[in-house]
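**Q** Have a look at this one.
Every number here is computed from the coordinates shown, using simple stated rules; none is lab data. Bear in mind that the values here come from a model prediction, so they are computed numbers and not experimental data. Positions of Cβ are generated from backbone atoms using ideal geometry, with glycine treated the same way; all protein chains shown enter the neighbour counts.
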Amino acid sequence: MLKILVVDDEPDVKDLFLQRFRREIRNAEFLLDFAKSGEEALSYLSDHSSEVVLILSDINMPGMSGFELLRHIREDFNIPPSPVVMMITAYGDPGSQEQALQLGANDFLTKPLDFAFLKQKLHDLA
Amino acid sequence: MNWSDGSSYIAIGIAIAVINYIRKFLDTPKQLPAWDVYLSKVWVLGLVLMTIGEVLPKPWLTWFWLIIFGAVAYTVRQLYHIRPARTLLLAIAPYTILVVIRDVLRFISPDFYKSTKVYFEAGSTFSFFWLITFMLIANNQKKAFAKVQQEREEEAEQRRIIEGKKNELEYLVAERTAEITRQKEELEQTLTELKATQNQLIHSEKMASLGELTAGIAHEIQNPLNFVNNFSEVSIELIDELSEEQTKADRDTELEAELLTDLKQNLQKISHHGGRAASIVKGMLQHSRSNTGQREPTDINALCDEYLRLAYHGLRAKDKTFNATFQTDFDTSLGKISVVPQELGRVLLNLFTNAFYAVQQRQKQGVSGYQPTVSASTRCIDSQVVITVADNGTGIPEAVKQKIFQPFFTTKPTGEGTGLGLSMAYDIVTKGHNGTLAVESKEGEGTKFILTIPA
């Protein structure tokens, strides 16, 4: 089972992901958890460090940004198996992408998310 | 009178002298030019009378004197309004009359004349002195008259000069008035142009802030639109799943109910996010629209929240690396306040944009552990709405603080700020809403703008 942590400040992201992956969740392929900020994500990770396989994080969030979260993950949770991190942003400029990859992101996705494409990626991971 | 009588020549000579004296004295060539032509030649009649006297006996000389006297009397009559002329007539009348009576008497009754000759001589002496005296008086009168005349002329001259000066002054005044009127018109023209320019500036400030907003707005609209699209697509999947379930022989009614609940929830979310996008577009239209100046009951908290987000995303769009925390502390008991929403929105947008700019500048200084924070709060204190916009940015130096509300004052690089934002905000709050806009700031610690509006 693929345990995924989704980090986004928009509350409806949770409902959207739950419905988009309802089949996978029902079939117990994926397990989704949600955090509304970078800080919340870090505290979640400190409790479930080795369980989470994949982190999907928004970059633009009030408070701790996605980049900062990414840096913390790579610094504080670097014991293998380190999680796969995919960054998501509405501003898909090359600068942000470069920065994300430099900070150790495994992938860089732009909003609006192509869920079919994302699903394929996740299945490949699983 | 005849050619051989010497006294005839003397009489003519005296007549010429008297006439000329009178002409000169009364200035007849000027006063009575038409009559003067005859008066000057009246002595010629003496020659005529002398010719007649050759044939006929006396008293022609008497006639001559009567004619001369008549001419003088006629002259005086025409100049009766001149006092010296009357006096002159009075001077010569007794002597002339006496002489005429004497001559007539001598001619008619030489005996009677002889017996009364003594009286006539005494009379003529007396009237001669009379003549001299009155001529002197007349002369004095003439001098006095001339003096009065001169004074009058001087007075008239004076008046003429004064009149001239007055005209000159009036001309100057008219000229000055025309000048001032022209200047006034020029100033009015300039004022009109200035007003037009001011309107254009206000418009361009609105457009500039709209430009700053565009990216923020795009982001803010993109987000709800993504949700609308995603929830629509998911709903189609749900419906597919539902119809698939309904065709099965053993239908999972629990799953069907769950799908239906989710569908309803999704439609509510679509509606919610659609409304979100619509309200952002509405806000944008309000912001760019020329001010209608209409106050309307407005949810101040919602307005603050909307512009806080727009300002944040506006700056984010320009600086991708920028990130800030924003905190809101709204007084939910505030209710709706009567304000001009697009005007107050412009003020809030300006304050928030400045706050985010200040924290961005401080973040660029690269102090470790710095967390850029912008906070907005609303309160109701003493029936006044107090909106506070605070940041922990660079702060404002004391010298700059004095000038921030002045038009065209900006600390931003050329081309980045119009310098009108805060001055317009100040006008909107103080003039438009009878409120106050105060600033508290400490360099290196942060800035707090406190906006107060009567509720």
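**Q** Give me the number: length gained by fully extending B:Asp111 to B:Tyr74, i.e. 0.36 nm times residue separation minus the C-alpha to C-alpha distance, one decimal in nm.
**A** Values: separation 37, 0.36 × 37 = 13.32 nm, distance 3.45 nm.
Between B:Asp111 and B:Tyr74, full extension yields an extra 9.9 nm.
**Q** Find how much the distance from B:Tyr9 to B:Leu90 grows on full extension, using 0.36 nm per residue of separation minus their present alpha carbon separation; answer in nm with one decimal.
**A** Residue separation times 0.36 nm, minus the Cα-Cα distance, leaves 26.6 nm.
**Q** Once Lys and Arg get +1 and Asp and Glu get -1 on their Cβ, which of B:Ala358, B:Thr298, B:Val385 lies farthest toward the positive end of the dipole of region B:295-455?
**A** B:Ala358
**Q** Just grab the label-to-label distance for B:Gln149 and B:Ala399, each label 7 Å out from Cα along the Cβ direction, in nm (one decimal).
**A** That separation, rounded to one decimal, is 8.7 nm.
**Q** Zone of B:Phe408 (label point 7 Å along Cα→Cβ, backbone N under 19 Å): which residues in region B:421-449?
**A** Answer for region B:421-449: B:421-427.
**Q** Among rounded, prolate and oblate, which fits chain B when a ≥ b ≥ c are the square roots of the eigenvalues of its C-alpha gyration tensor, a/c under 1.5 means rounded, and a/b larger than b/c means prolate?
**A** Verdict is prolate for chain B.
**Q** In terms of modelled amide H atoms, which long-range or inter-chain residues lie less than 5 Å from the amide H of B:Gln327?
**A** B:Val374, B:Ser375, B:Ala376
**Q** Okay, moving on. Using only the alpha-carbon atoms of region B:1-108 as identical scatterers, what base-10 log of I(q)/I(0) does the Debye formula give at q = 0.09, 0.12, 0.19 Å⁻¹?
**A** Values, matching the q order: -0.24, -0.42, -0.95.
**Q** Over the protein assembly as shown, what per residue volume does the convex hull of the Cα atoms give, in whole Å³?
**A** 325
**Q** DSSP loop (so not H, G, I, E, B), at most 14 other Cβ within 10 Å: list which trypsin sites (Lys or Arg not before Pro) in region A:13-52 pass both filters.
**A** Here no trypsin sites (Lys or Arg not before Pro) fit, given the DSSP loop and packing criteria.
**Q** Could I ask something else about it? Excluding B:Thr298 itself, what net charge comes from residues whose Cβ is under 15 Å from its Cβ, given Lys and Arg +1 and Asp and Glu -1? Could the numbers behind the result be given before it?
**A** Numbers: positive: B:Lys282, B:Arg295, B:Lys336, B:Arg346; negative: B:Glu296, B:Asp299, B:Asp305, B:Glu306, B:Asp331, B:Glu343.
Spelling it out: positives minus negatives among the neighbours equals -2.
**Q** Still on this model: If you put +1 on each Lys and Arg Cβ and -1 on each Asp and Glu Cβ, how big is the dipole of chain A around its Cα centre, in Debye rounded to 20?
**A** 460
**Q** If you don't mind, there's one more thing I want to ask. Could you work out how far apart the two model spin labels at B:Glu241 and B:Glu254 are, taking each label as a point 7 Å from the Cα in the direction of the beta carbon, and quote it in nm?
**A** 1.5
**Q** Based on alpha-carbon centroids, what's the gap between region B:253-272 and region B:8-85 in Å, whole number please?
**A** Spelled out, the Cα-based centre of one part sits 145 Å from the other.
**Q** Using the Cα centre of the protein assembly as shown as the reference point, and only Cβ charges (+1 on K/R, -1 on D/E), how large is the resulting charge dipole? Debye, rounded to the nearest 20.
**A** Rounded to the nearest 20 debye, it is 6600 debye.
**Q** Rounded to two decimal places and with Rh computed the Kirkwood way over Cα pairs, what is Rg over Rh for region A:15-126?
**A** 0.94
**Q** Between B:Thr181 and B:Thr430, how high is the FRET efficiency from 1/(1 + (r/R0)^6) when r is the Cβ-Cβ distance and R₀ = 41 Å? Nearest 0.05.
**A** Working from the Cβ atoms, E equals 0.70.
**Q** Moving to a separate point now. Report Rg(Cα)/(2.2 N^0.38 Å) for region B:295-455, keeping two decimals.
**A** Expressed relative to 2.2 N^0.38 Å, the Cα Rg reads 1.00.
**Q** Cut-off 18 Å, label point 7 angstrom out along Cα-to-Cβ of B:Thr125: give me the residues of region B:87-118 whose amide nitrogen falls inside.
**A** B:95-96, B:98-99, B:102, B:114-118
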